[in-house]
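Student: Below you'll find the structure I mean.
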Amino acid sequence: MADRLARRGGVDVALKWLVHAPGVRGPEVLLHEGVLNEQAHRLGPALRCYREAGAVGSTYALRQAARLLVVDGRFDEALGCLDEAAGGGDSKALTEAASHLGRAGRVDEALVWHERAVAAGEFHALISAYFALAGAGRPDEARLWRRRAVAAGVVQDADMPDMKPAAAKYEGRAGVDPDTVLEECEREVRCGSLSVKGAATALERAGQMHPAQGLRRFGWDPDGGVARPWKLTPAPSHPR
C-alpha cells in the first residue's frame with residue numbers, strides 16, 4: 001500500500017500512512033520508512049529508521065544504515081553497524097565492510113574483514129581481496145589470495161587475470177585530480193573502457209561519495225552527468 005501511495009501521492013503521503021498504520025511498527029515497517037525517506041533525499045530520517053529497524057532485528061537495515069554512514073564519512077559508526085549485523089548471522093555484512101574499506105584505500109583493514117568473511121563461508125571474498133591488493137599495487141600478496149581462491153574452488157586459475165581491475169588506473173588519477181574524475185570516468189564508460197561499477201569506485205576514491213552513490217543507483221543521464229531519481233508527482237484528480 002505504501003508503495004502505491006508513494007507513486008500516486010508522493011513520499012509524504014506514504015510516510016503518513018505508515019506512521020498511522022495499525023499494528024506494531026516492526027522492522028519491515030521501519031525499513032520501508034527508511035527507503036521512502038532515502039528516496040526523498042532525507043538521509044537523516046532514513047538513517048534513523050534503518051537504525052531503529054536494526055535495533056529490533058533487521059540485519060539488512062543495519063547494512064543500509066552502514067551504507068549511509070559511509071556516504072557521510074562516518075566509517076567507525078558504519079563498521080559498528082556491520083559488525084552488529086555480522087553478529088546477527090549476516091555474513092554479507094562482512095564482505096560489505098571489506099568493500100567499503102577497500103574503496104577508501106584502507107586495504108589492510110579490509111583484509112581483516114575479508115578473512116572474517118571467508119571464515120563465515122563467503123569464499124568469494126578471496127577474489128575481492130585479490131583485486132583489492134592488485135589495485136593497491138601489491139601483486140605478491142594478491143597472488144596469495146588468488147591461489148587461495150583457486151584452491152577453494154571458487155574460480156579456475158584461467159578465469160582470473162593477473163592484472164589490476166579496470167578501475168585502478170582511474171582511481172590513481174582521482175587521487176591526483178579529484179575534480180576531473182567524474183568527467184573522465186563518464187567519458188570512459190560511454191566509450192566502453194570502464195564499467196559503471198568501476199567509475200563509482202573511482203569516484204569514491206576521489207572522495208565524491210554522493211555522486212558515486214547516485215551512479216550506483218541510477219547510472220548516467222543520457223544528457224550527461226549522473227542521473228537523478230524520477231520525481232514522484234501526484235496522480236491527476238478526476239471529477240466525481
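Student: Looking only at the stretch 115-133, filter to residues that are in a helix (DSSP H, G or I) and open to solvent by 10 Å² or more (accessible area, probe 1.4 Å); which one of those is farthest from D157 (Cα to Cα)?
Tutor: R116
Student: Is one or more of the residues making up the stretch 35-46 in a helix (DSSP H, G or I), acidic (D, E) and open to solvent by 70 Å² or more (accessible area, probe 1.4 Å)?
Tutor: Checked against the condition, which is being in a helix (DSSP H, G or I), acidic (D, E) and open to solvent by 70 Å² or more (accessible area, probe 1.4 Å), the stretch 35-46 yields no hits at all.
Student: Give the residue that is modelled with the highest pLDDT, with candidates limited to residues of the stretch 194-240 that are among the polar types (S, T, N, Q) and open to solvent by 60 Å² or more (accessible area, probe 1.4 Å).
Tutor: Among residues in the stretch 194-240 that are among the polar types (S, T, N, Q) and open to solvent by 60 Å² or more (accessible area, probe 1.4 Å), the one modelled with the highest pLDDT is S195.
Student: While we're here: Would you pick out the residues in the stretch 73-104 that are touching an Asp or Glu at 6+ places or on another chain (Cβ under 8 Å) and either in contact (Cβ under 8 Å) with a residue 60 or more places away in the chain or within 13 Å of T59 (Cα to Cα) (or both)? Break it down stepwise before answering.
Tutor: Looking only at the stretch 73-104, we keep the residues that are touching an Asp or Glu at 6+ places or on another chain (Cβ under 8 Å), and these are 82, 91-95, 97, 101, 103-104.
L82, S91, K92, A93, L94, R103, A104, listed by residue number.
Student: Step by step: first the residues of the stretch 57-82, then only those that are assigned to a helix (DSSP H, G or I) and open to solvent by 70 Å² or more (accessible area, probe 1.4 Å), then the one that is farthest from Q39 (Cα to Cα). Which residue is that?
Tutor: Across the stretch 57-82, the extreme among qualifying residues is D76.
Student: Among G54, G23, G102, which is the only one that is part of a helix (DSSP H, G or I), at pLDDT below 90 and open to solvent by less than 70 Å² (accessible area, probe 1.4 Å)?
Tutor: After ruling out the rest, the residue left standing is G102.
The values are calculated or read from the model by the stated rules, or taken from the named source; none is laboratory data. From a predicted model like this one, the values you see are computed outputs, not experimental measurements. All Cβ positions, glycine included, derive from the backbone under ideal geometry; neighbour counts span all protein chains shown. Heads up: the accessible areas ignore ligands, DNA and RNA and are worked out on the full protein's heavy atoms, side chains in. Shrake-Rupley method; radii C 1.70, N 1.55, O 1.52, S 1.80 Å.
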